[in-house]
Structures are given as structure tokens and as C-alpha cells.
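See below for the structure under consideration.
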Amino acid sequence: MYLDRALILLLASVGAVSGFAPGFTSRQTSRVVSGSTLFSEEAAVSVDAEAPAAEAPAAAVEEPQSTYDTQIYIGNLSFDTAESDLRAAFQQHGSVTKVSMPLNRETMKSRGFAFVTMSNAEETAAAIAAVNESEITGRTVYASESLPKEKVAEGKKKYQAKKQRNEGSKIYIGNLNFDTTEEDLSAAFAAYGDVMDCFLPTDYEGNPRGFGFVSMDEDAAAKAIEELNGTELDGRTLTVNKSLPKGQKATPKQIKLYVGNLSWGTEESTLRELFEEYGKVVDCYSPVDRETGQHRGFAFVTMDPDDALRAADETDGYELDGRILRVNEAQPKGYGGRSNDNDGYDGGDAYDESADESWGNDAY
């Protein structure tokens, strides 16, 4: 009995000392106590070192709300619309956090569209429903959820495909008489099928540019091109082919020759007769001044390739009506090379083939 009390006192002393002694841990004390038959498992556990606290679970990172849930696209805006007009229109339906309206760099006015960001998705939905097809600064505007660029591009492709199906094939018609109207052109093509659309581009003064576009279904378009290419309309030989995307040019089946330094008295018929000595003349055209009706001192003659090369070789330097002709293959406006002194063909009197009858593209 005395031995047990002594042992208890000894252990108590050791416990007191271990609180101050470095390197003598409470876990070591635990092993001494648990080894004694005088203590139960419960007692051993109670004096054991405290177990390290369990790590708290990491807080979940909240993902930011997508801006596409709260950003609204507004289209068909008046160029006079200001950001304050948009903010006033949308503030009636919630809290507006941002208004972004791209401006034209030259006029510093709206480009016709803008973006408005609301504070939450509920306000966004309410604002779209209220503002869509309403009037802002005198224009009916259209509001919808702003989409990521990749979704916009995907939607544009689908729209273009649907538009192509609805509009059919586009036909390019060149070398038109300036007096030819859309009604005249539509009537010529209507013999081969339903004309969906007919368009004659004009310059800034409203004058026709000498070419046009007709849209028909694919089968009718193919037949019209085959039948009408090379025929005459209002005194001009038409060039008819499938319209190409802007920037692309078809390889011409004939060669167009530039004939410069013409006498003011030279008639188109006289020029045609000269070149017919070398082969079939597909077209002969002398541009005229719209105000005076006088030709501008140069002309274009279109022939088959072999005939054209021979004619250019034989007539360049030929004297006609007292003037020495300058003849070479016509080049588009802006062309780098200028052979045989092209008499300003690449300058003031240039014939711009980005809108020319023989190339057939959508550049208008």
C-alpha cells in the first residue's frame, strides 16, 4: 500500500517536471502511465496528449456570375442616341451597372448598337421584355441577351446559309446601258424563271454604274446565264455570269483591249470596223462624258484571246483619223504596271474594273 502511494507521488512529480522540461512530451508520460497496472484504459486516455484538431474543410470557391447572364445587346439605335438615353430607359427595370456604346471614330456618334449590364439575371430578363421593340430617341430598338462571340459567329453562319437558300443564286450582269432600268433587266431574266431580286448599284450622285445583280433559284440561274451571256440589251452586249464573293474575280474568256489617243471625231463604228479585220469583236465601247455626250478619247474592244493579241500587235501605233493609237491589254484601276503609255487609263480616265462588266464580283 505504501508502495502504491509512493509510486503515485513519483509519477505526479514526473508530470510536474515534464511541463518544464524540453523534449519530454506528454505523450511520453502517457506511455509510462498506460504501462502501469494501477490505471485503467479510461485513465490512460484522459492523460494522453491532445490529438491535433481536425483540419476544417476548405471553403468552397464561389464562381463569379457570367456577364452574359446580365449583359443586354441593343440594336437599331439612332446615331443620335446617347448613353444617358439608354441608362434612363433601362433604369426603370432595375439597377444599371454599366452602359457601353461604341462610337464612330469620325463622327463620334453611336454606331447603332450598344450593351447594357444589369445587376442580376432577373432584372436582365425584365428589362429585355420591356425594352425590346420599344422606341428610344425616335427608333424602334431590339434588345436581347448578349452572347459570346463564338455563339454569335455560329448564329451568323446559320443565318447566311438560310439566306442563301431563300435568295437563291446571284447572277452578275455587266456592260449594261446606263439607261437600262431594273424593270428592263428583270423582264429579260423572267423568261427563264422567277426573279427573286434585281439590283442596279449607283454612284454617290445616283447614277447607274453599268452593272447589276439578279437573284434566281439555282436551276433558273444556270439557264439564264447560258442563254443571256453575250446577248444584247438596250444596244449593249451583256456579260452574264455567276456572281463571285467580293475580292474574287473570274478569269475572262475574252481579252479586253484598251485603245487610247482617239480623235474626238472617231466613231465607235469606225473603231469596230478596224478591229474586225483581225477577228470577231465581242464588244466595242467608248466611255462618254455624261454632261457633254462626247467620248472621252479612249475606248475598249473585247475579242477572243488569239484575235485580241494579234489586233493589239497590229494596231498599236496605227494612225486613225489623224491620231496615233495606243493599244494594249486593259488593266484594272490601280494596277502597278503601265505599259505603252496607257494614256491615263490608270489615272483620271481609268475604267475601274472592281465594278467592271467583265469580272462579275459583289464589289458595289
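Each value in this text was obtained by applying a stated rule to the coordinates, not by laboratory testing. The structure presented is a predicted model; accordingly, all values stated were derived computationally and were not measured. Backbone-built Cβ (ideal geometry, glycine too); neighbour counts: all protein chains shown.
Under the rule of at least 5 residues apart or a separate chain, name every residue whose amide H is placed under 5 Å from the amide H of LEU238.
Under 5 Å from the amide H of LEU238 lie the amide H atoms of GLY230, THR231, GLU232, LEU233, each far enough along the sequence or on another chain.
Which ³J(HN,Hα) values in Hz, rounded to whole numbers, follow from the phi angles of the range 127-138 under the Karplus curve 6.51 cos²θ - 1.76 cosθ + 1.60, where θ = phi - 60° and Gly and Pro get x?
5, 4, 4, 7, 8, 4, 6, 9, 10, 10, 6, x
Taking amide H atoms as placed 1.01 Å from N in the peptide plane, list the residues 5 or more away in sequence, or in a different chain, whose amide H sits under 5 Å from that of THR81.
Answer set, sorted by chain and number: SER110.
How would you order 188-197, 295-304 from highest to lowest mean count of nearby Cβ atoms within 10 Å? Walk me through the numbers on the way to the answer.
On the way: 188-197: 17.0, 295-304: 21.2.
With the highest mean Cβ count within 10 Å placed first, the list reads 295-304, 188-197.
Output ³J(HN,Hα) for the range 291-298: one whole-Hz value per residue in order, computed from phi by the Karplus curve 6.51 cos²θ - 1.76 cosθ + 1.60 with θ = phi - 60°, and x for Gly and Pro.
Per residue, the Karplus-derived 3J(HN,Hα) values read 7, 9, x, 8, 5, 9, x, 8 Hz.
Show the residues, 5+ positions off or on another chain, whose built amide H is closer than 5 Å to the amide H of LEU244.
ASN361, ASP362
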